[in-house]
Structures are given as structure tokens and as C-alpha cells.
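Right, one structure below, let's go through it.
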Amino acid sequence: MEQKEIIQKTATYIRQQSEGESSGHDWWHIYRVWQMAKYIANQERIDSFIPELAALLHDIADWKFHDGDDSVGPKKAREWLTSIKVDEPIIIQVETIIKNMSFKGAKVETPMETIEGKIVQDADRLDAIGASGIGRTFAYGGNKGLTMHDPERQPMMHTSFEEYKNTPATTINHFHEKLLLLKDRMNTETAKRIAIGRHEFMKKFLDQFDKEWKQKA
Ligand code: NI
């Protein structure tokens, strides 16, 4: 099967799988990460096949399994790619990228070894910040029933994934515990450049939110 066909088939499959998803990992999140991965790869002069394929499959575990088991994603991706007869070396690359994708806490490093992996991680992180990031964070908070803001709860800099997973967040604290840290965690020059504007936009939003909270605007 040609690379183009593999991408198209995978996009169709993922779109079907993510139908009705509302926790922030819906099809249009996948779509934006896919397009961004392609864009970054082109800018960085890297073949976009692996980044595009891994971007399409990067959230495959998140729809039906919400228990934080990070072996599910790579396994589901392998099952799909095997079913359409993709070559083993490609499957291994995609699996490895998905395994190393997620943010696990403010002080927990999640290094990505290959440039293809770095690109997908950047694309996913860019979608978590800026206007899209703000929209997704509030949608996620609504979905999980989080408090929007509680001035008595301070943001926490988590030192382990367990701690990060198990501390109830507020939506506003999530900006401080994760989203505002992402700008400095971009891998590629292209993503670093895009992140600057998105980061500034989030900060403006949080400033305004704070002013309104204090009756200063
Ligand atoms: Ni994602």
C-alpha cells in the first residue's frame, strides 16, 4: 500500500473511532495535530509520513480507556497498522512515538528520541495552548466536572505522574500546572516560533480573567 493510502485509511478509521468524543481528544483535535505535524515536518525538511501517521494515532487509547494505562495506545496502534499490512519497521517507529507522547507533570521529563517523534509531540503541545488550548481546557473541565477557579487552591508543580494524575485540578490551575510550561518544552524551531504567540495569547486571557475576578475590569 502506498504511504498516501495508509494515511487516508488511518484518517478514516480514526475519524470513525473518535465520533462523539467530547473530552478534548475529538476528531478535530486529531485533525489539527495531524495538519500541524505535516506543517512542522515540511518546515523542518523532514519526510512527513511517520509524523502524520503517528499524529493520527497518538490519542487512540483515550476514547475507550480512561485509566491512564499507557501501554494501551501503542497496542491499539499496532493492531490497526498490522490489520492494513503496514511494514514492521514503520509500526515500531509509530509505537515508540505514541509511548513517549504524553505530558506527565511539571517536573517530569518525557524525552522523545527521534525527530519524527519530536514533531508529533510539538504538534500535540501546540494544540494545547493558544485559543485552541483555552477552548479545549474549558471543554475538558466541563466534561470532567472541574471547578473553573478556586482562589484558595494553589497550582502545584507535580514531581511524579502519579501525583499529577491524582490531584484534582481546577481549570485555571491547569494553565499554571501544564499549559504555561509548554512553550519551553517545544523541540523544533518551527514549534518554538509558533508557541510564542500562543503563549502570549493565553497570558493575556489569564490576566483579563484575574482582573475580572477582582472587579478591576
Ligand atoms: Ni492529543
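Hey, does segment 103-119 have a residue that's at pLDDT 95 or above, out of contact with any strand residue (DSSP E or B) (no Cβ under 7 Å at 6 or more places or on another chain), among the basic types (Lys, Arg) and assigned to a helix (DSSP H, G or I)? Checked against the condition, which is being at pLDDT 95 or above, out of contact with any strand residue (DSSP E or B) (no Cβ under 7 Å at 6 or more places or on another chain), among the basic types (Lys, Arg) and assigned to a helix (DSSP H, G or I), segment 103-119 yields at least one hit.
For Arg136, the test of being within 13 Å of the ligand (Cβ to nearest atom), assigned to a helix (DSSP H, G or I), touching a Lys or Arg at 6+ places or on another chain (Cβ under 7 Å) and of a type outside the set (Gly, Ala, Ser) is failed. Scanning segment 2-18 for residues that are under 14 Å from Ile30 (Cα atoms) and not in a helix (DSSP H, G or I) yields a single hit, Ser18.
Checked against the criteria, Glu177 counts as closer than 17 Å to Arg136 by Cβ and of a type in the set (Asp, Glu). Among the residues of segment 108-151, those identified as among the basic types (Lys, Arg) and more than 22 Å from Lys204 (Cβ to Cβ) are Lys118, Lys144.
Note on segment 154-217: enclosed helices (runs of 4 or more DSSP H) holding 3 or more residues that are at pLDDT below 95 are 161-166, 171-177. Set side by side, the residues Thr190, Thr137, Thr170, Thr147 differ, and just one is under 24 Å from Glu44 (Cα atoms) and among the polar types (S, T, N, Q), which is Thr190. Taking the criterion of being of a type outside the set (Gly, Ala, Ser), within 11 Å of the ligand (Cβ to nearest atom) and either farther than 19 Å from Glu95 by Cβ or without any contact (Cβ under 8 Å) to a residue 24 or more places away in the chain (or both), the residues of segment 113-133 that qualify are Arg125, Leu126, Asp127. Only residues that are surrounded by fewer than 24 Cβ atoms within 10 Å (Cβ to Cβ) and either in contact with a His (Cβ under 8 Å, 6 or more places away or on another chain) or among the aliphatic types (A, V, I, L, M) (or both) were counted across segment 37-58, and they come to 2. If only residues of segment 6-47 that are closer than 19 Å to Tyr140 by Cβ and more than 16 Å from the ligand (Cβ to nearest atom) are counted, the one that is modelled with the highest pLDDT is Glu19.
The values are calculated or read from the model by the stated rules, or taken from the named source; none is laboratory data. Because the structure is predicted, anything quoted here is derived from the model rather than measured. Here Cβ is always computed from backbone atoms with ideal geometry, including for glycine, and neighbour counts include all displayed protein chains.
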